[in-house]
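Worksheet for the structure shown next.
We did not get these values from a lab; they are worked out from the coordinates using the rules stated. All values derive from a computational prediction rather than experimental measurement. Quick reminder, even Gly has a Cβ in these numbers, built from the backbone with ideal geometry, and neighbours come from all protein chains shown.
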Amino acid sequence: MKLGKVLLFVVFALLVSTSVMAQDVVELTMGSWRVDDVAQMQVILDAFTAANPNIRITFDPTNPPDYNATLRTQLEGGTAPDLFYLRSYATSRALFEEGFLEPLSDVPGLMENFTPEARAPWATDDGIPYGVPFIAVSHGIYYNVDLFNELGIEIPTTWEELMTAAQAIKDAGKIPFANASGDAWTIAEIVFMNIAPNYIGGYEGRQAYLKGERCFNDAGAVGAFQAVADLGPFVPEGQSALSYYDSQQLFLMGDAAMWFGGSWDIPFFESEEPEFDWSVFAVPAPAGQEMSYVTFHMDAGMGLNAASEKKEAAKVFLEWMTTPEFAKLMADNIPGFFPISSNPVQLENEHANTFLALNEGRGLDVRWAWEGLLAGQPDGYTLMQDNAIAVLAGQKTAQEAADALQEGLAQWFEPAQNCAK
């Protein structure tokens with residue numbers, strides 16, 4: 001009898017213990033625009049849970065073009081994830097100013113492991129952070145190494161050499177550049193804003209536009225649009241109907257020799273296993289220009305939903321994001337997405353290392369439209385995108401495109417209204 005009571009007590013204790021343990025597990029959700037990274041993020045999140053068994057995070061990404069609108073709808077409706085990816089600069093700033101984001105000054109490691117410049121895309125003007133810097137991406141030109149060798153083409157060191165190489169490739173019956181405007185954002189982000197730093201003078205030049213010291217239709221802006229016009233004869237026939245994926249496949253199948261792209265393409269290109277050797281080089285500057293530039297973009301931060309009921313657990317994860325362990329896991333599992341923390345990370349992926357090496361000896365800057373030019377209508381991104389597409393299609397001259405950029409921004413952006421004439 002006594003033994004039976006003991007057994008009952010043990011069973012009861014185990015049931016209670018299991019129930020308490022289950023109640024102690026905090027389930028968090030994470031929103032993202034990276035639908036391609038589900039498996040890779042699971043590896044990272046599993047590592048976090050191994051160190052923090054009572055916190056589990058479900059990764060729930062949204063199709064990239066729909067992400068901003070979907071997230072806003074969720075935030076306004078009270079259904080947003082606990083944690084979510086943040087666009088840099090104006091988009092996330094607006095969410096913070098509207099009260100949707102939790103300030104993160106109290107997250108250990110954030111101020112210590114990220115420079116003020118790294119925190120700036122997800123912080124107020126006076127430095128209050130509302131996002132943990134997460135991902136930087138680089139831009140360049142992918143190329144078919146085997147085809148270049150077959151045709152005797154060296155990596156171009158000037159824009160003029162690039163155009164000469166493109167003509168040689170076209171004469172050989174191949175498409176020089178796989179890029180197309182069927183998905184309009186690609187012309188904005190991986191063509192125009194990939195090229196622009198070499199023509200506007202990188203960070204310092206871009207800041208001069210933001211301060212009203214330069215007009216958006218000056219020689220630098222015209223030069224950037226003219227470079228897009230130069231590509232017109234060398235992109236696929238019927239390019240306006242080709243999607244991002246279509247363009248990638250033209251390159252991966254060997255039909256096109258080059259692809260203006262970003263480091264985020266690395267995992268997909270590796271998974272496709274093309275039947276040729278490929279690598280990447282930096283967009284070359286015009287002949288005679290001493291400094292060349294690479295677009296190295298502060299792409300994503302991680303924010304905390306101000307309405308989350310699980311902030312304490314979410315901040316445990318955010319603190320973990322500031323550690324070298326997280327930086328290493330991210331760099332190795334999602335090659336081409338570079339950690340932003342001050343702690344150096346040794347990359348294992350050859351293509352990611354090649355991309356990162358493009359930064360050496362070059363100026364670095366973010367995509368032109370991101371800082372300061374997204375807060376009004378018509379916004380700088382749309383103006384750059386639509387006018388670059390028009391130039392690529394031969395529907396506008398470079399000067400007309402730059403004039404449209406200046407006139408559009410002058411409708412609301414004060415520095416453009418008062419720029420040096």
In Å³ per residue, the alpha-carbon convex hull of region 135-202 encloses 118
As straight-line cross-link partners of LYS328, the qualifying aspartates and glutamates (C-alpha separation under 14 Å, not fewer than 8 residues apart within one chain) are GLU348
Between region 215-254 and region 264-318, the Cα center-to-center distance that results, in Å = 21
Compactness ratio of region 175-235: Cα Rg over 2.2 N^0.38 Å, N = residue count?
-> 1.21
Give or take rounding to whole Å, what are the principal axis extents of the alpha carbon atoms in the chain, in descending order?
-> 95, 53, 38
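For TRP278, TRP122, what ranking results if the residue with the fewest other Cβ atoms within 10 Å of its Cβ goes first? Could you put the intermediate results ahead of the total?
Working: TRP278 20, TRP122 29.
With the fewest neighbours first, TRP278, TRP122 line up as TRP278, TRP122.
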Ranking of ILE128, ILE187, ILE266 by count of other Cβ atoms within 10 Å, fewest first | ILE128, ILE266, ILE187
R0 of 30 Å, Cβ-Cβ distance ALA287-GLN377: FRET efficiency to nearest 0.05 = 0.20
Name the shape class, rounded, prolate or oblate, that the alpha-carbon gyration tensor gives for region 275-421, where a ≥ b ≥ c are the square roots of its eigenvalues, rounded holds for a/c under 1.5, and otherwise prolate holds if a/b is larger than b/c and oblate otherwise.
-> oblate
Run down the aspartates and glutamates and flag those whose C-alpha is under 19 Å from the C-alpha of LYS315, throwing out any fewer than 8 positions away in its chain.
-> ASP24, GLU27, ASP46, ASP60, ASP82, GLU102, ASP106, GLU112, GLU325
Label-point separation, GLU309 to LEU151 (7 Å along Cα→Cβ), nm = 6.1
Proximal aspartates and glutamates to LYS396, defined as alpha-carbon separation beneath 20 angstrom and excluding residues fewer than eight positions away on the same chain = ASP183, GLU189, ASP218, ASP230, GLU237, ASP379, ASP386, GLU407
Zone residues, region 82-123, relative to GLN207, backbone N less than 18 Å from point 7 Å out along Cα-to-Cβ = 89, 115-123
Rounded tilt (10° steps) of 159-171 against the dominant C-alpha axis of the chain = 80
Whole-angstrom gap from region 350-401 to region 106-142, using each part's C-alpha centre = 21
In what sequence do MET163, MET321 fall when counting other Cβ within 10 Å, fewest first?
-> MET163, MET321
How much mean residue ellipticity at 222 nm does the chain get from its helices, if each DSSP H run of length 4 or more adds -39500 (n - 2.57) and you divide by all residues, to the nearest 500 deg cm²/dmol?
-> -12500 deg cm²/dmol
To the nearest 10 degrees, how steep is helix 380-392 against the longest Cα principal axis of the chain, on a 0 to 90 scale?
-> 40
